[in-house]
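The values are calculated or read from the model by the stated rules, or taken from the named source; none is laboratory data. Predicted, not measured: the structure shown is a model, and the values here were computed from it. Because the Cβ atoms are built from the backbone with ideal geometry, glycine has one as well, and the counts that use them run over all protein chains shown. Keep in mind that these areas ignore ligands, DNA and RNA; they rest on the heavy atoms of the full protein, side chains included. Shrake-Rupley method; radii C 1.70, N 1.55, O 1.52, S 1.80 Å.
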Amino acid sequence: MLIVMKQGADERQVEHVCRVVQEMGLAPHPIPGKLRTAIGITGNVGPVDPSGLTALPGVLEVIRVTKPFKLTSREMKPEDTIVEVGGVRIGGPEIVVIAGPCSVEAREPIARAAKELKARGAHLLRGGAFKPRTSPYTFQGLGLEGLKLLADARAQSGLPIVSEVMATEDVPQVEEHVDILQIGARNMQNAPLLKRVGKARKPVLLKRGMAATLEEFLLAAEYVMAEGNRQVILCERGIRTFADHSRFTLDLSIVPELKRLTHLPVIVDPSHAAGRRDIVIPLARAAIAVGADGVMVEVHPDPARAQSDGAQALTLAMFEELMDELRLIVPAVRRGSVAAR
Ligand code: PEP
Ligand code: MN
């Protein structure tokens, strides 16, 4: 349920409504808006009798939220959520490009990648320190050391950083080093981890599970938001289908549907969907054309020597080509510029 406050309602009235909701055994979630505050209500299993709430001072109306996802829903918050990190706004009019290697491998390559990507217009740097590899015998990431190298690369390049956290107990150290906590596709339904990052003070980039429906994806985001963290970015990264010409099938049709149903920013990762570098650029173009707020791509200065996902890594020259193409597409979809060259 959603309580919409009148335009002039003051803080005291909002607090009073929240108290009454708590006394009903439910959880209030104030959502400040440009014109008025709304208060989302969660915790009810069945319908709630709205009559006691409609009469409270400052209340304009009480609306039943029909979707199972609540805090993520546009019904609750019609305005787009904009996640801001280090001066970069994700979910606003500007298209955002996150780029970097699959894994942080050593000091020199990540520092070099950061510098070269910044020079080519990337907005954020990615790089995994904790890697959810399919085989236990492959490179598992540098862990804490990788986070430090990534933070050093940020200091030198000025690019905010995104890195995956796989385990609940690692959240404090990952949170301390990165600007955005990534939850990987394999962990999209790891409820304890979702709840823990919901308590973090850093934004969360949540990747869609490879077999998750739209509703399951939004309910995963709901886990994070219900704990208080409203800074969630959704990322489509390909789903498992019978198609075997690419690693996963990039489900671009989810992008406009997510934009319709949720106020959260939506980005697309064409790299993990493709699994091969030659189709990453066309998929990235399509992602922006279909309405995504940005893309996340894997780039490696020397893909042949990458410790993970080398086959899908763009070279620096290809990344430059991608940025040139996005500069053509972005105005065509009436979005803000991808940084000028
Ligand atoms: C990644 O971004 O490096 C990654 C492992 O992605 P996903 O969780 O989508 O497989
Ligand atoms: Mn990868």
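Look at E236 and say whether it is in contact with a helix residue (DSSP H, G or I) (Cβ under 7 Å, 6 or more places away or on another chain), within 16 Å of ligand 2 (Cβ to nearest atom) and of a type in the set (D, E).
yes
List pairs: first residue in the range 128-139 and of a type in the set (F, W, Y), second residue within 12 Å of ligand 2 (Cβ to nearest atom) and at pLDDT 95 or above anywhere in the structure, Cβ distance under 7 angstrom, at least six positions apart or on different chains.
F130/G141; F130/E164; F139/S103; F139/K131; F139/Q307; F139/S308
Identify, please: which residue in the range 167-195 is touching a Phe, Trp or Tyr at 6+ places or on another chain (Cβ under 7 Å) and away from ligand 1 (no atom under 16 Å from the Cβ) and is, among those, least open to solvent (accessible area, probe 1.4 Å)?
A191
Looking only at the range 70-79, how many residues end up being open to solvent by less than 30 Å² (accessible area, probe 1.4 Å) and not polar (S, T, N, Q)?
2
What is the one condition in (1) surrounded by fewer than 24 Cβ atoms within 10 Å (Cβ to Cβ); (2) within 17 Å of P101 (Cα to Cα) that S163 does not satisfy?
The single condition S163 does not satisfy is (1).
Mind listing just one residue for me: the one in the range 28-57 that is without any contact (Cβ under 8 Å) to a residue 40 or more places away in the chain and part of a strand (DSSP E or B) and, of those, most open to solvent (accessible area, probe 1.4 Å)?
Across the range 28-57, the extreme among qualifying residues is P32.
Hey, among L142, L147, L159, which residue is at pLDDT 95 or above, among the aliphatic types (A, V, I, L, M) and closer than 24 Å to I82 by Cα?
Testing whether each residue is at pLDDT 95 or above, among the aliphatic types (A, V, I, L, M) and closer than 24 Å to I82 by Cα leaves just L159.
Give the residues of the range 281-324 that are touching a strand residue (DSSP E or B) at 6+ places or on another chain (Cβ under 6 Å) and β-branched (V, I, T), sorted by residue number.
Selection gives V295, V297, V299.
Could you grab me the full set of residues in the range 88-117 that are of a type outside the set (A, V, I, L, M, F, W, C) and either within 16 Å of ligand 2 (Cβ to nearest atom) or touching a strand residue (DSSP E or B) at 6+ places or on another chain (Cβ under 8 Å) (or both)?
Once the filter is applied, which keeps residues that are of a type outside the set (A, V, I, L, M, F, W, C) and either within 16 Å of ligand 2 (Cβ to nearest atom) or touching a strand residue (DSSP E or B) at 6+ places or on another chain (Cβ under 8 Å) (or both), the range 88-117 yields R89, G91, G92, P93, E94, G100, P101, S103, E105, P109.
Do you know which residues across the range 281-333 are acidic (D, E) and either open to solvent by 50 Å² or more (accessible area, probe 1.4 Å) or in contact with a helix residue (DSSP H, G or I) (Cβ under 6 Å, 6 or more places away or on another chain) (or both)?
E298, D302, E320, E321, D324, E325
Would you pick out the residues in the range 43-78 that are of a type in the set (S, T, N, Q) and modelled with pLDDT under 90?
N44, S51, T66
Scan the range 276-315 for residues that are of a type in the set (S, T, N, Q) and under 20 Å from S163 (Cα atoms) and jot them down.
Hits for the range 276-315 are Q307, S308, Q312.
State yes or no: is I254 within 16 Å of ligand 1 (Cβ to nearest atom), surrounded by fewer than 24 Cβ atoms within 10 Å (Cβ to Cβ) and within 19 Å of the chain's Cα centre (by Cα)?
So I254 fits the description; yes.
Here's the yes/no breakdown for (1) open to solvent by 40 Å² or more (accessible area, probe 1.4 Å); (2) in contact (Cβ under 8 Å) with a residue 40 or more places away in the chain; (3) part of a loop (DSSP other than H, G, I, E, B); (4) not assigned by TED's automatic domain parsing to the domain that holds H177:
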{"site": "P68", "(1), (2), (3), (4)": "yes, yes, yes, yes"}
{"site": "E105", "(1), (2), (3), (4)": "no, yes, yes, no"}
{"site": "I110", "(1), (2), (3), (4)": "no, yes, no, no"}
{"site": "K115", "(1), (2), (3), (4)": "yes, yes, no, no"}
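Could you check how many residues of the range 80-93 are surrounded by fewer than 19 Cβ atoms within 10 Å (Cβ to Cβ) and either assigned to a strand (DSSP E or B) or within 16 Å of ligand 1 (Cβ to nearest atom) (or both)?
2
Evaluate the following for V338: is it of a type in the set (V, I, T), open to solvent by less than 20 Å² (accessible area, probe 1.4 Å) and not assigned by TED's automatic domain parsing to the domain that holds G127?
yes
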